[in-house]
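To start, the structure under review is shown below, and the notes come after it.
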Amino acid sequence: MAFSYVSKFREALAGLKREGRYRVFADIVRQRGQYPRADFFTDQNKRPITVWCSNDYLGMSQNPKVLAAMHTAIDAAGAGSGGTRNISGTTHYHVELEAELADLHGKEAALLFTSGFVSNDATLSTLAKLLPGLIVFSDELNHASMIEGMRRGGMEKRLFRHNDPADLEAQLRIADPAAPKLIAFESVYSMDGDFGPIAAICDLAEKYGALTYLDEVHGVGLYGPRGAGVAARDGAMHRVDIIEGTLAKAFGLMGGYIAASKELVDCIRSFAPGFIFTTSLPPAITAGVLASIRHLKESEIERKTMHRNASLLKQMLTEAGLPVMNSPSHVVPVFVGDAATCKAVSDVLLRDHGIYVQPINFPTVPRGTERLRFTPSPFHTEEMMRDLVRALDTVWTAHRLARAA
């Protein structure tokens, strides 16, 4: 009797649905120049909604300079890059963008990838091959892309308690002094919104002879002088060996990168399959990112307005008695605590109130900590915030959810 493949697939999907973790994609088209407004499509109809969960934190995907740069690049170079970076896919736009990123982080060199996930996965897995016997000390809440890179690299991995330098030091102290070591952590943990203790971890890295690998995905563009990130804000950027970032959040487009010493970057360029065998980013994307970074190096208004709006939304939600989780960053998480309920609340907000916020369930966050994650941008108005709080208040009451203590 043949193996029943379809039944296994159905069984796996049924399990997700029973737990309330089955993901349904919202079919939307953002309205150019009207961010965070979008059209939501259902059964051949469409209606206007407000997007509250985008990682386009500063709305740079709509910035006129970015759009103009992309149009110019398409007219000049066409649509695609033509190949991998080694086979005709290194355009002048890529060269300029890597130089701009190295300058942003005060490093000797930078390297572009097709996504932030790929940059973490490819870099970490390749470091394990370059440094035999490597021990990685990883914050227990590191992103899935970092975890995957460590897994594929096959290096020894030791988890330390989240944002706990004392636990990290206890583990460093008993490690082989002669073994190569890497401490991997994040600047902003995007689901809780807390900051990593960058200076304290750099102190330990220097004391025990470890490299530091900092994921600044949710920090670049949003913090520090010129938008260089949380490490720059904290005066520790020069102490971090490898900075990894994304081009898909504050910068508004897509792609990922690392910035480090020229030797380390050259090694990843030369040995990482995830870089070598992937078609490079299209010229229009790289040109758009280049315009975005250059703008945010000079302009503070987007950052200041976003942080002001995040603070205002937290205040409004708190005053309404809604359970805002403690977050010192731009991320505004509201606690629900149950997967099925979290999805139901998200569905009602979209269906009845035109508010789009995606439920955050396991495995993105631990079971029992399900939440809604709001990301106010510079373009969310106070009226939009009042509408959001009123809608949440109504839905919270209807679902008899716990209020803030």
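Tabulated data
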quantity	calculated
For the range 117-163: rounded, prolate or oblate by the Cα gyration tensor [a/c cutoff 1.5]	oblate
Selected from Pro165, Val51, Gly15, residue furthest toward positive end of dipole (the chain; charges at beta carbon)	Gly15
Calculated diffusion of the range 169-307, Stokes-Einstein form, Kirkwood radius summed over Cα pairs, 25 °C and 0.890 mPa s, µm²/s	150 µm²/s
Label-point gap, in nm, between Ala200 and Glu19 - each point 7 angstrom along Cα→Cβ	3.2 nm
Distance between modelled label sites at Ala144 and Arg367, nm, 7 Å Cα→Cβ extension	1.7 nm
Whole-number D in µm²/s for the range 1-105 (Stokes-Einstein; Kirkwood sum over Cα pairs; 4 °C, 1.567 mPa s)	69 µm²/s
Theoretical FRET efficiency, 1/(1+(r/R0)^6), r = Cβ-Cβ of Arg10 and Arg390, R0 45 Å, to 0.05	0.65
Accessible area of the range 1-150 belonging to carbon and sulfur atoms, whole % at 1.4 Å probe	57 percent
Sites Thr341 and Ala26 - FRET efficiency at Förster radius 25 Å, r taken between beta-carbons, to 0.05	0.85
Gain upon complete extension [Asp266, Arg400; 0.36 nm per residue less C-alpha separation]	42.6 nm
³J(HN,Hα) computed for each position of the range 129-142 - Karplus, 6.51 cos²θ - 1.76 cosθ + 1.60, integer Hz, glycine/proline x	6, 6, 10, x, x, 4, 10, 9, 9, 10, 4, 5, 9, 4
Helical mean residue ellipticity (222 nm; -39500 (n - 2.57) per DSSP H run of 4+; nearest 500) of the chain	-13500 deg cm²/dmol
Sequence-distant residues sharing a close amide H with Ala404 (under 5 Å, placed H)	Leu322
R0 of 25 Å, Cβ-Cβ distance Asp164-Glu108: FRET efficiency to nearest 0.05	0.20
Near-label residues of the range 50-73 by backbone N, under 19 Å of a point 7 Å along Cα→Cβ of Ile301	57-69
Under Karplus coefficients 6.51, -1.76 and 1.60, residue-wise ³J(HN,Hα) of the range 20-30 in Hz, glycine/proline x	x, 10, 6, 8, 10, 7, 7, 8, 10, 10, 6
Amide H contacts of Arg158 (H built 1.01 Å from N, under 5 Å, at least 5 apart or other chain)	Val136, Phe137, Ser138
For His105, solvent-accessible area (1.4 Å; no DNA, RNA or ligand), Å²	0 Å²
Semi-axis lengths, Å, the chain, gyration tensor of Cα atoms, sqrt of 5 times eigenvalues	34, 27, 23
The range 95-101 - phi-based ³J(HN,Hα) in whole Hz, Karplus 6.51/-1.76/1.60, Gly and Pro as x	4, 5, 5, 5, 5, 5, 5
Alpha carbon convex hull of the range 316-404, volume per residue in cubic angstrom	96 Å³
DSSP-defined antiparallel bridges as percent of all bridges, the chain, nearest 5	60 percent
Length-normalised contact order for the chain - Cα pairs under 8 Å, 6+ apart - percent	21 percent
Simple spin-label estimate for His238 and Phe41 in nanometres, 7 Å along Cα-Cβ	5.2 nm
Normalised convex hull volume, the range 242-340, alpha-carbon set, Å³ per residue	182 Å³
Cross-link partners of Lys207 among lysines (Cα-Cα below 18 Å; sequence separation of 8 or more within a chain)	Lys181
Long-range amide H partners of Arg371 with built H, under 5 Å	Val336, Gly337, Ile360
Probe 1.4 Å, protein heavy atoms only - accessible area per residue of the chain in square angstrom	45 Å²
Out-of-range pairs (alpha-carbon distance over 20 Å; input Lys129/Lys262; Lys65/Lys262; Lys65/Lys297; Lys157/Lys262)	Lys65/Lys262; Lys157/Lys262
Heavy-atom accessible area ranking, 1.4 Å probe, most first, across Lys65, Lys297	Lys65, Lys297
√(5λ) per eigenvalue of the Cα gyration tensor, the range 120-198, largest first, Å	20, 17, 8
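The values are calculated or read from the model by the stated rules, or taken from the named source; none is laboratory data. Keep in mind the model is a prediction, meaning the values are calculated, not measured. FYI the Cβ positions are ideal-geometry reconstructions off the backbone, even for glycines, and counts take in every protein chain you see. To get the accessible areas, we keep the full protein, side chains included, count just its heavy atoms, and leave off ligands, DNA and RNA. Shrake-Rupley method; radii C 1.70, N 1.55, O 1.52, S 1.80 Å.
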